[in-house]
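No value in this document is a laboratory result; all are computed from the given coordinates. Fair warning: this is a prediction, and the values are worked out from it, not measured in the lab. FYI the Cβ positions are ideal-geometry reconstructions off the backbone, even for glycines, and counts take in every protein chain you see.
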Amino acid sequence: MRADLALIGFGNVARRFARLLEERCDWLSLDYDVDCRVVGISTGAHGAVFDGTGLDAVALAGTRESGGSLRDVGLPQAADSFEVIRRLAQSDAPVKVLIETTTLDISAGQPAIDHVRAALQAGCHTVTANKGPAAFAYEELSALAADRGCSFLFEGAVMDGVPIFNLVRETLPAVQITGFRGIINSTTNHILSALEDGESFDVALERMQALGIAEADPSLDVDGWDAAAKTAALANVLMRARMTPQAVDREGIGAGTARLAMAAKARGRRVRLVASARTTPDGVVTSVRPVELPDTDLLAGMRGMANTLVLQTDLLGEIAICQLSGSLTQTAYALLSDLITICRRQRPVLHGAAPGRTP
């Protein structure tokens, strides 16, 4: 089964995904009968290319990392991301997938929402690591995907490759999520851990930028906006909240947080940036803010780039899932995982099996 892919956004995560596709191509072929082919790539400022016979995405990743532009690689050019999407939709591949990894726009979730909408309307499945589509337009886009018979997946939007959304969707049928609390921003958790160790705020933040973990605009991390967007996405998907990041009660961290972190440590406690949601008679209430926690709290023990989410349920009590480290590979893996989910969903259709009988 051939899957044609278009990469909209070609930053750190997308380039790692391109390499991961090559590293796992034998696995995809042998275990899932999938032959993936990147046919389009679009960047924000360095051009867009499309070739229906396939592109060497790994070589193009190297071109970008060495400072080159897609405009200068001698390949067929595309006007913009939407032309890449239109041409992807015209492919004769059995599976056509948009991989969307543009930078988060905290004001309205654009242009990621328009990219996802255009792909779904054209009959292409979509995978995104951008939090904007689920945080601002989950209900609209999921309804459009269902109407077009397409998948709209975004596991990489929260906690990288840890299967938060898959966990609930695939393994917790008839369970109601009544709330959650967790640490869902690696950059701020690393900074808070470093502050406890006596390191400076700026040095800890610079390290996360150098690793490519911090957002392109690091104020999205330290001001709590990244966590707010993830909180809105989680609440919308898991609790049907119909909210945006602006509705999250938000407080970030700053250089002054060092005093709070050190004072808490002296008392045997820890400060963590905690995202939470709970169901009330008036709807879902959400927040992101620094919280002083006792050492016995699971979240207090999460240091460095560790993330944790504790789901509160009506039937199973609390369920915790932890990621003890973070990296570009883990975020790129989330894209790969969603891609495999799409291909597995398509196999019964392609092989003539009865609807709903996915392997």
- Any idea what angle helix 132-148 forms with the longest principal axis of the chain, computed on alpha-carbon atoms, 0 to 90 degrees, nearest 10? 40 degrees
- Message: For Lys131, give me every one of the lysines with a C-alpha distance below 24 angstrom, ignoring sequence neighbours fewer than eight places off in its own chain.
- Response: Lys96, Lys230
- Starting with the fewest neighbours, write out His46, His115 ranked by other beta-carbon atoms found within 10 Å of each beta-carbon. His46, His115
- Message: Charges at C-beta only: +1 for Lys and Arg, -1 for Asp and Glu. How large is the resulting dipole of region 170-325 about its Cα centre, in Debye rounded to 20?
- Response: 320 debye
- Query: Hey, what angle do you get for helix 257-266 against the long axis of the chain, alpha-carbon based, 0 to 90 degrees rounded to 10?
  - Reply: 60 degrees
- Task: Sort Thr188, Thr128 so that the residue with the fewest other Cβ atoms within 10 Å of its own Cβ comes first and the one with the most comes last.
- Result: Thr188, Thr128
- To the nearest 20 debye, what charge dipole does the chain have about its Cα centre, counting +1 at the Cβ of each Lys and Arg and -1 at the Cβ of each Asp and Glu? 540 debye
- Task: Give the shape of region 170-325 as rounded, prolate or oblate, defined through the alpha-carbon gyration tensor: a ≥ b ≥ c are the square roots of its eigenvalues, a/c under 1.5 means rounded, and otherwise the shape is prolate if a/b is larger than b/c and oblate if not.
- Result: prolate
- Item | Taking the C-alpha atoms of region 1-60, convex hull volume expressed per residue in Å³ | 73 Å³
- Task: Place a label point 7 angstrom from the Cα of Met262 along the Cα-to-Cβ direction, then list the residues of region 178-196 whose backbone nitrogen is under 11 Å away.
- Result: 195-196
- Query: How big is the C-alpha Rg of region 1-124 next to the rule-of-thumb value 2.2 N^0.38 Å, as a ratio?
  - Reply: 1.01
- Charge tally for neighbours of Asn166 with beta carbon under 10 Å away, counting Lys, Arg as +1 and Asp, Glu as -1, is -2
- Query: Between the helical axis of 201-210 and the dominant principal axis of the chain, each derived from Cα atoms, what acute angle in degrees is found, rounded to the nearest 10?
  - Reply: 10 degrees
- Task: Work out from phi, with θ = phi - 60° and the Karplus expression 6.51 cos²θ - 1.76 cosθ + 1.60, the ³J(HN,Hα) of each residue of region 243-249, listed in order in whole Hz, and give x for Gly and Pro.
- Result: 10, 10, x, 5, 7, 7, 5
- Query: Of Ala255, His125, Gln209, whose Cα points farthest to the positive end of the dipole of the chain (charges on the beta-carbon: +1 Lys, Arg; -1 Asp, Glu; origin at the Cα centre)?
  - Reply: His125
- Would you work out which of Ala334, Ser200, Val49 lies farthest towards the positive end of the dipole of the chain? Charges go on Cβ: Lys and Arg +1, Asp and Glu -1. Ala334
- Task: Mind checking which aspartates and glutamates have their Cα closer than 19 Å to the Cα of Lys265? Skip sequence neighbours fewer than 8 apart in that chain.
- Result: Glu196, Asp197, Glu199, Glu292, Asp295, Asp297
- Message: Is the C-alpha gyration tensor of region 164-248 telling us rounded, prolate or oblate? Criteria: a/c under 1.5 is rounded; beyond that, a/b larger than b/c is prolate, otherwise oblate.
- Response: prolate
- For Ala216, placing the label point 7 angstrom along Cα-to-beta-carbon and taking region 117-149, residues whose amide nitrogen sits under 14 Å are 129-132
- Spin-label pair Asp33/Thr329, simplified geometry with 7 Å Cα→Cβ offset, distance in nm: 3.0 nm
- Over the alpha-carbon set of the chain, work out the extent along each principal axis and list the three values in angstrom, largest first. 63, 49, 36
- Message: In region 141-157, whose amide N lies under 14 Å from the spot 7 Å out along Cα-to-Cβ of Arg240? List them in ranges.
- Response: 143
- Item | Share of pairwise Cα separations in region 56-149, more than 17 Å, in percent | 57 percent
- Counting pairs of Cα atoms in region 147-208, how many percent are more than 15 Å apart? 67 percent
- Query: How compact and how long is region 256-312, expressed as Rg and Dmax of its alpha-carbon atoms in Å?
  - Reply: 13.0, 39
- Task: Take Val97, Val175 and order them by how many other Cβ atoms sit within 10 Å, fewest up front.
- Result: Val175, Val97
- Dividing the helical contributions, -39500 (n - 2.57) per DSSP H run of n ≥ 4, by the residues of the chain yields a 222 nm value, nearest 500 deg cm²/dmol, of -12500 deg cm²/dmol
